[in-house]
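Derivation of every value follows stated rules applied to the coordinates shown; laboratory data play no part. Remember, predicted model here, so these are calculated numbers, not experimental data. Note that each Cβ is placed from the backbone with ideal geometry, even for glycine, and that neighbours are counted across all protein chains shown.
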Amino acid sequence: MSIAIIANPLAGRGRGQKVAQAVQQLLKEQNVDFEMVFTQYAGHAVELADQASDKHPVVAALGGDGTVREVLSAIWQKPSALGVIPGGTGNDYARGLGIPRETEAALKVLVEGTAAPLDVGLEHGDVFGQLACIGFPVDVIMHVNAHRDGLINGSAAFLAGVAATLRNLRHYQVRITVDGKVLEKDVVGVFVMNMPYGGGGMKFAPDARYDGGEFHVVIVEKISRWDLTITLPKIYSGRHLSNPAASVVQGKEVSIEGQSLPIMLDGDIFPARPVQASIKPRAAQVVIPKAPA
């Protein structure tokens with residue numbers, strides 16, 4: 001089996017480059033047939049993955065969740081399976097798929113793992129595999145992106161973004177429609193989840209699965225800064241859903257109308273527009289750890 005690796009050297013504030021060097025060394029030592037190519041600009045991973053899928057049965061993304069999304073968008077309708085080598089800031093694809101974030105262990109999954117079905121989300125034709133969201137979480141990511149040259153990395157960067165965003169917490173009147181059911185809500189954020197995690201390990205949708213066949217739509221209604229501050233630590237265990245301001249609705253078709261807001265898909269920010277998301281069950285293949293014997 002040959003593997004193509006689409007590596008983003010800038011992911012994780014330079015962590016991608018270090019991980020790529022380690023991966024090259026480890027795969028050479030193991031005599032694995034692989035090709036590694038490096039992205040040079042935003043969107044380049046789509047081009048590279050598209051080309052690689054013509055030659056390799058596995059096309060792996062080495063970088064953050066945005067890099068994984070770009071690779072997935074290129075290959076989800078092709079025979080190649082998606083591989084994931086965590087090298088970014090959040091690495092929530094890896095968490096949701098059960099892939100270790102330590103490089104050598106992640107490579108073991110890539111080389112020895114098994115291909116499994118992966119649901120694919122489409123938002124106005126843009127692909128996502130992990131989550132689409134609006135509101136507070138998008139403000140957090142925009143803060144993280146604006147401070148990429150700072151000293152804070154990994155999950156701590158998301159927490160710093162949360163702290164900064166809390167000072168200017170906003171709420172929005174929206175109409176959420178899930179499989180025809182209409183909900184009028186005053187929200188601080190809405191998450192359309194295909195996996196449990198976002199924001200570097202925050203377990204927004206504890207029961208969401210990459211192959212579950214439907215979205216878990218997490219709605220966080222208007223909440224005070226203090227109440228949100230108290231609730232946020234509970235997100236890492238999924239206990240935040242005990243707060244009356246948080247609820248979950250499941251479905252395959254989701255629209256969010258009202259004030260047009262920027263949308264985040266798997267860590268990438270897209271221009272303001274009403275959300276129109278649909279799920280394509282089992283539309284792609286992804287390499288995950290083999291089930292225990």
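Under 14 Å between C-alpha atoms is the cut-off here; go through the chain and count lysine pairs that meet it, provided they're at least eight residues apart or on different chains. Mind dumping the intermediate values first?
Details: K28/K108; K55/K78; K108/K290; K181/K252; K185/K222; K203/K234; K252/K280.
Taking the chain as the scope, the lysine pair count is 7.
I need the helices of the chain that pass two filters: whole DSSP H segments spanning 24 Å or more by Cα along the axis, and mean Kyte-Doolittle score no lower than -1.0.
Both cut-offs are met by 11-29.
Counting alpha carbon pairs within less than 8 Å and at least 6 residues apart, what relative contact order, in whole percent, applies to segment 72-119?
Working: 28 pairs, mean separation 14.5, N = 48.
Value for segment 72-119: 30 percent.
In whole percent, what relative contact order does segment 204-293 give with Cα contacts below 8 Å and a gap of six or more residues?
Reported relative contact order: 29 percent.
Explain nothing, just the number: relative contact order of segment 253-293, from Cα pairs under 8 Å at least 6 residues apart, as a whole percent.
Numbers: 38 pairs, mean separation 15.3, N = 41.
Once divided by the residue count of segment 253-293, the mean separation gives 37 percent.
Gap in Å between the Cα centre of segment 44-118 and the Cα centre of segment 192-227?
Taking the Cα centre of each part, segment 192-227 and segment 44-118 sit 22 Å apart.
With a/c under 1.5 counting as rounded, go ahead and sort segment 1-89 into rounded, prolate or oblate using the C-alpha gyration tensor (a ≥ b ≥ c being the square roots of the eigenvalues; past the cut-off, prolate if a/b is larger than b/c, else oblate).
Note, shape of segment 1-89 comes out oblate.
Take peptides 202-213, 74-85 and line them up by average Cβ neighbours within 10 Å, highest first, as a rough protection proxy.
In decreasing order of mean packing, 202-213, 74-85 become 74-85, 202-213.
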